Amino acid sequence: MTKVVILLLTFNAKAMKTLHNKVDKEVLKAKLQSEQIKRVTLSFYKYYQIQNPDFFRNHVYILLESNHVFGRIYIAKEGINAQLSVPESLLCNFKSSLDTITFLEDVRLNFAIEDDGKSFYKLTIKVKDKIVADGLKDDTFDASNRGVHLNASAFNKLAQSPDSIIVDMRNHYESEVGHFKSAIIPDVETFKEALPVVEKLLEDKKDKNIIMYCTGGIRCEKASAYYKHKGFNNVYQLEGGIIEYARQVELLNLENEFIGKNFVFDERLGERISEEVISQCHQCGAVCDTHVNCKNDACHILFIQCKSCAELFEDTCSKKCKDFIALPKDRQVKLRKDMEFNGTKFGKGRYKAARQQDIDLT
């Protein structure tokens, strides 16, 4: 198959029909659960100047749909960010398809640690301004001047130095269920919010070894370049993120410095890296690290819920949501426009903070 050189794509993509799945999500979810095909969950990203993201988006859709791939992909002028579910029997075909795209040839694939293949139920590809929302003006610094990549062994060794500072570049609801020992954990809800917060926390430590990590490495690619631009002299990043670290730890029998779960942005919502459970149910306070979304689609807030509370509240975050989903569907449709739920009042994972303030969530 002829390789695709992205910079030469000059067709008018806006005139093309956008390809996407039109089947109802509940039908797709049911089909996935009954599917006998064994699937693997993986992710990859690549920063690369794409001249025509809309055209490229449709090209990628055709390639992946032909391999029965599900997942979520963001494409922008700066590159591609993908989290996917691929039939195991078609994995070689999938890799060959990626290799037809010049800048994705031999791209590193991060395979999930815990995987039942039920991570995604359809293929969604969106064209965005950025593949990760960071709020940065890329023309003000050299985004290619990134930090030094560390494999798991090098990460463990450098982390032991008294001159090293480990920084979690993820959001609070991710680090709440799992993080590296001794890491700085910013109380932020977005990567965009994390960048200035971390810079402020480290403003008097510019000569220290700043070791950053995230889920798969993509956020640290941009953050490391930004902090080098801001005058930090020794910037490092965990290559492949937590996912690749966990793989290398198991493969090479290394000391595991990560405790708890790794939060993931798919139907699984997490994969266990160590046996420790470091968080609590947001409803009763029991030891628990199971993230869920409220079953009330009008709320859908992300929070941590134990099995007992899941049974008591019927997979919702509150009595209000439990009572709401018991109503007839037509009644829900009429009421939801004027009702306020936890998901409309609080951000991701802020349910716990609300309870600590004695706010009535029922």
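The values are calculated or read from the model by the stated rules, or taken from the named source; none is laboratory data. Note that the structure is a prediction, hence the values are computed from the model and not measured. Glycine gets a Cβ as well: all are built from the backbone with ideal geometry, and neighbour counts include every protein chain shown.
Tabulated values for the structure
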| item | result |
| --- | --- |
| Among residues of the range 264-286, those that are out of contact with any Ser or Thr (no Cβ under 7 Å at 6 or more places or on another chain) and either assigned by TED's automatic domain parsing to the domain that holds Asp116 or of a type in the set (Asp, Glu) (or both), counted | 3 |
| Residue that is nearest to Asp139 (Cα to Cα) [pool: residues in the range 34-45 that are part of a strand (DSSP E or B) and of a type in the set (Ser, Thr, Tyr)] | Tyr45 |
| Residues that are charged (D, E, K, R) and either at pLDDT below 95 or closer than 17 Å to Leu269 by Cβ (or both), drawn from the range 302-318 | Lys307, Asp315 |
| Failed condition for Tyr227, given (1) more than 20 Å from the chain's Cα centre (by Cα); (2) modelled with pLDDT of 95 or more; (3) assigned to a loop (DSSP other than H, G, I, E, B); (4) of a type outside the set (A, V, I, L, M, F, W, C) | (3) |
| Candidate set: the range 286-308, residues that are out of contact with any Gly (no Cβ under 9 Å at 6 or more places or on another chain) and small (Gly, Ala, Ser); chosen: the one farthest from Glu176 (Cα to Cα) | Ser308 |
| Residue list for the range 205-224, filter: touching a Leu at 6+ places or on another chain (Cβ under 9 Å), outside any helix (DSSP H, G or I) and either at pLDDT below 95 or under 16 Å from Asn151 (Cα atoms) (or both) | Asn209, Ile210, Ile211, Met212, Tyr213, Cys214, Gly217 |
| Residue ID - farthest from the chain's Cα centre (by Cα), chosen from residues in the range 191-204 that are exposed (fewer than 15 other Cβ atoms within 10 Å of the Cβ) and not in a helix (DSSP H, G or I) | Asp204 |
| Residue tally, condition surrounded by 24 or more Cβ atoms within 10 Å (Cβ to Cβ) and farther than 29 Å from Val292 by Cβ, over the range 205-220 | 2 |
| Qualifying positions in the range 88-123 - small (Gly, Ala, Ser) and within 19 Å of Lys261 (Cα to Cα) | Ala112, Gly117, Ser119 |
| Long-range neighbours under 6 Å by Cβ, at least six apart or interchain, first residue at negative phi within the range 48-61, second of a type in the set (Lys, Arg) and in a loop (DSSP other than H, G, I, E, B) | Ile50/Lys77; Pro53/Lys77 |
| Residues within the range 79-100 that are more than 22 Å from Glu244 (Cβ to Cβ), in contact with a His (Cβ under 9 Å, 6 or more places away or on another chain) and in contact (Cβ under 8 Å) with a residue 40 or more places away in the chain, tallied | 1 |
| Unmet requirement for Gly260, which otherwise passes all of (1) closer than 18 Å to Val197 by Cα; (2) not in a loop (DSSP other than H, G, I, E, B) | (1) |
| Criterion (loosely packed, with under 15 Cβ neighbours inside 10 Å and of a type in the set (Asp, Glu)) met by exactly one of Asp142, Asp134, Asp115 | Asp142 |
| Selected residue (criterion: farthest from Arg331 (Cα to Cα)) from residues of the range 278-311 that are assigned to a loop (DSSP other than H, G, I, E, B) and polar (S, T, N, Q) | Ser279 |
| Count - residues of the range 172-188 that are under 15 Å from the mean Cα position of the chain (by Cα), hydrophobic (A, V, I, L, M, F, W, C) and not in a loop (DSSP other than H, G, I, E, B) | 0 |
| Entirely in the range 46-151, the strands (runs of 3 or more DSSP E) that have 3 or more residues that are within 16 Å of the chain's Cα centre (by Cα) and closer than 20 Å to Cys214 by Cα | 70-76, 79-87 |
| From the options Lys122, Lys181, Lys157, residue that is free of Cβ contacts under 8 Å to residues at least 60 places away in the same chain and surrounded by fewer than 21 Cβ atoms within 10 Å (Cβ to Cβ) | Lys157 |
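Conditions tested, residue by residue: (1) charged (D, E, K, R); (2) closer than 21 Å to Ala133 by Cα; (3) in contact with a Ser or Thr (Cβ under 6 Å, 6 or more places away or on another chain).
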position: Gly178; (1), (2), (3): no, no, no
position: Val188; (1), (2), (3): no, yes, no
position: Lys205; (1), (2), (3): yes, no, no
position: Arg219; (1), (2), (3): yes, yes, no
